[in-house]
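The values are calculated or read from the model by the stated rules, or taken from the named source; none is laboratory data. Small disclaimer: the values here were computed from a predicted structure and weren't measured. Note that each Cβ is placed from the backbone with ideal geometry, even for glycine, and that neighbours are counted across all protein chains shown.
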Amino acid sequence: MRILNSTKWPDSVLRDIIGFCKPSNVAGFDIAFKNSGWFHGRAWIQGYYRHERAMRSKGKDANDVPYIVIYIKHGVLPTTRYTKPTVYIERKKEGYLGTRQFTPHEDLVTLIAHELRHLWQAKISRGHRVWGARGQFSERDCDAYGIRMVRRWRREQRTQV
């Protein structure tokens, strides 16, 4: 796993969140963190041509390496506290589930878990999916996994305090 981080978040924090969210059979992927206007992400199962070009220019091989990009909202740092929870509106048409996050860490846990679940879905074509999932690559299943990881994250953070 290679990380490309162009944000102000420390690599150690991002690695901890990735390790927390990563399913056991998912490995050998590259992940990039970039600044954006809002939190969102994207996963390419068989690599992405821009990523491959960038890796080749650095003398590294990136053929068919799964690639994830996580976009972090400008100005949001690990120390940022939300005044009220951010709400992702449920988009029934596309199959996404609504969630609430109370810290920037929870936003990242949700996004990273969601995108890593897509890599898991690529490896396990007929594995267990959440109720209502449609097909091998289901947004509903990925959102359910993200919600499950955020709940686990909250439990573990509560016990550490």
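Here 67, 96, 71 are screened, and the one residue that is at pLDDT below 75, surrounded by 15 or more Cβ atoms within 10 Å (Cβ to Cβ) and within 16 Å of the chain's Cα centre (by Cα) is 96. Scanning region 6-22 for residues that are surrounded by fewer than 17 Cβ atoms within 10 Å (Cβ to Cβ) and either in contact with a Phe, Trp or Tyr (Cβ under 7 Å, 6 or more places away or on another chain) or of a type in the set (A, V, I, L, M) (or both) gives 6, 13, 20. Within region 132-161, residues that are part of a helix (DSSP H, G or I) have Cβ atoms under 6 Å from residues that are among the charged types (D, E, K, R) in these pairs: 141/129; 142/117; 145/117; 150/106, counting only partners at least 6 apart in sequence or on another chain. Taking (1) under 23 Å from residue 151 (Cα atoms); (2) of a type outside the set (A, V, I, L, M, F, W, C); (3) at pLDDT below 90 in turn, residue 19 satisfies each apart from (3). Scanning region 103-129 for residues that are assigned to a loop (DSSP other than H, G, I, E, B), surrounded by fewer than 16 Cβ atoms within 10 Å (Cβ to Cβ) and not small (Gly, Ala, Ser) yields 124, 126, 128.
The set of residues in region 8-49 that are over 13 Å from the mean Cα position of the chain (by Cα) and among the aromatic types (Phe, Trp, Tyr) comprises 9, 38, 48, 49. Taken over region 105-116, residues that are charged (D, E, K, R) and more than 8 Å from the chain's Cα centre (by Cα) amount to 2.
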